[in-house]
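Trainee: Sharing a structure, written as structure tokens. Questions coming.
The values are calculated or read from the model by the stated rules, or taken from the named source; none is laboratory data. Note that the structure is predicted; figures quoted are calculated from it, not measured. So basically every Cβ, Gly included, is an ideal-geometry build from the backbone, and we count neighbours across all protein chains shown.
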């Protein structure tokens with residue numbers, strides 16, 4: 001339970017810090033780079049290595065490659081839809097989440113078996 | 001195009017907008033750990049690149065850009081959408097850097113010290129992301 005609370009607090013702080021850096025920067029295309037910062041990974045991998053060992057963290061990182069490819073597709077889809085259609089950011093981002101799940105899990109089971 | 005720091009954004013953001021991002025960031029970090037414990041690191045690792053705060057951040061950008069235009073007496077709906085779209089395009093470029101980060105941790109975590117691997121991965125993420133951004137600007 002303690003570890004979950006620590007993860008929550010550290011994760012919240014690191015993710016917020018990267019988000020604030022992104023907010024401060026201009027142009028928006030550059031600021032957007034921080035939307036794909038390794039914030040969750042930085043918050044969690046240190047603790048994972050300390051508690052579960054380096055090879056466990058390495059396995060997580062291998063899967064993270066699939067997650068990153070899925071994030072690229074997700075962000076590209078959100079960008080394209082928002083540029084071409086009159087829909088709100090909240091609607092597009094939430095409706096595009098199944099794309100992330102499909103690609104991440106698809107790559108995990110096909111490529112990273 | 002020059003990269004600038006605009007501190008005025010800090011004042012535009014409400015406390016609950018910071019709190020929402022903290023909450024979602026914290027939740028996904030905790031949930032990624034729980035999923036890894038329940039289903040193994042192969043599944044948990046996927047969530048290290050989950051776009052947890054993306055909906056909140058994109059909504060925030062859309063709202064702020066819209067407000068800026070409306071303060072000048074213009075309708076800012078389109079501008080807000082375009083700004084969120086451009087930000088998302090930046091995130092797509094940053095994802096390439098994130099992939100390199102994951103690759104570095106995967107390859108080097110078992111052999112080198114934690115801080116060195118995480119620091120090296122972060123520097124690689126930033127370098128690759130900025131490089132991608134510059135290349136995209138020139139094309």
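Trainee: Can you tell me which residues in segment A:14-24 are surrounded by fewer than 19 Cβ atoms within 10 Å (Cβ to Cβ) and within 7 Å of another protein chain (Cβ to nearest Cβ)?
Mentor: A:24
Trainee: Given the criteria surrounded by 15 or more Cβ atoms within 10 Å (Cβ to Cβ), closer than 22 Å to residue A:89 by Cβ and within 7 Å of chain A (Cβ to nearest Cβ), does residue B:79 qualify?
Mentor: Considered against the rule, which asks whether it is surrounded by 15 or more Cβ atoms within 10 Å (Cβ to Cβ), closer than 22 Å to residue A:89 by Cβ and within 7 Å of chain A (Cβ to nearest Cβ), residue B:79 comes out as no.
Trainee: Given the conditions (1) out of contact with any helix residue (DSSP H, G or I) (no Cβ under 7 Å at 6 or more places or on another chain); (2) surrounded by 24 or more Cβ atoms within 10 Å (Cβ to Cβ), which single one is not true for residue A:91?
Mentor: Among (1) out of contact with any helix residue (DSSP H, G or I) (no Cβ under 7 Å at 6 or more places or on another chain); (2) surrounded by 24 or more Cβ atoms within 10 Å (Cβ to Cβ), residue A:91 violates only (2).
Trainee: Right, something else. Quick one: how many residues across segment B:60-76 are free of Cβ contacts under 8 Å to residues at least 24 places away in the same chain and at the interface with chain A (Cβ under 9 Å from one of its Cβ atoms)?
Mentor: The qualifying residues number 3.
Trainee: Can you tell me which condition residue B:115 does not meet? The list is (1) touching a helix residue (DSSP H, G or I) at 6+ places or on another chain (Cβ under 7 Å); (2) farther than 20 Å from residue A:74 by Cβ, and all the others hold.
Mentor: For residue B:115, the exception is condition (1).
Trainee: Within segment B:123-130, does at least one residue satisfy the condition of being in a helix (DSSP H, G or I), modelled with pLDDT under 95 and in contact with a helix residue (DSSP H, G or I) (Cβ under 6 Å, 6 or more places away or on another chain)?
Mentor: No, segment B:123-130 contains no residue that is in a helix (DSSP H, G or I), modelled with pLDDT under 95 and in contact with a helix residue (DSSP H, G or I) (Cβ under 6 Å, 6 or more places away or on another chain).
Trainee: Something else: Going through segment A:90-113 one residue at a time, which ones are within 17 Å of the chain's Cα centre (by Cα), without any contact (Cβ under 8 Å) to a residue 40 or more places away in the chain and either part of a loop (DSSP other than H, G, I, E, B) or facing chain B (nearest Cβ under 8 Å) (or both)?
Mentor: Correct list: A:90, A:92, A:93, A:94, A:97, A:100, A:104, A:105.
Per-residue answers, yes or no, for (1) at the interface with another protein chain (Cβ under 7 Å from one of its Cβ atoms); (2) surrounded by fewer than 21 Cβ atoms within 10 Å (Cβ to Cβ); (3) touching a residue at least 12 places away in the same chain (Cβ under 8 Å); (4) touching a strand residue (DSSP E or B) at 6+ places or on another chain (Cβ under 6 Å):
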{"residue": "B:88", "(1), (2), (3), (4)": "yes, no, yes, no"}
{"residue": "B:95", "(1), (2), (3), (4)": "yes, no, yes, no"}
{"residue": "B:102", "(1), (2), (3), (4)": "yes, no, yes, no"}
{"residue": "B:106", "(1), (2), (3), (4)": "yes, no, no, no"}
{"residue": "B:113", "(1), (2), (3), (4)": "no, yes, no, no"}
{"residue": "B:120", "(1), (2), (3), (4)": "no, yes, yes, no"}
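Trainee: Limited to segment A:36-66, what total is found for residues that are more than 14 Å from residue B:118 (Cα to Cα), facing another protein chain (nearest Cβ under 7 Å) and outside any helix (DSSP H, G or I)?
Mentor: Qualifying residue count, segment A:36-66: 0.
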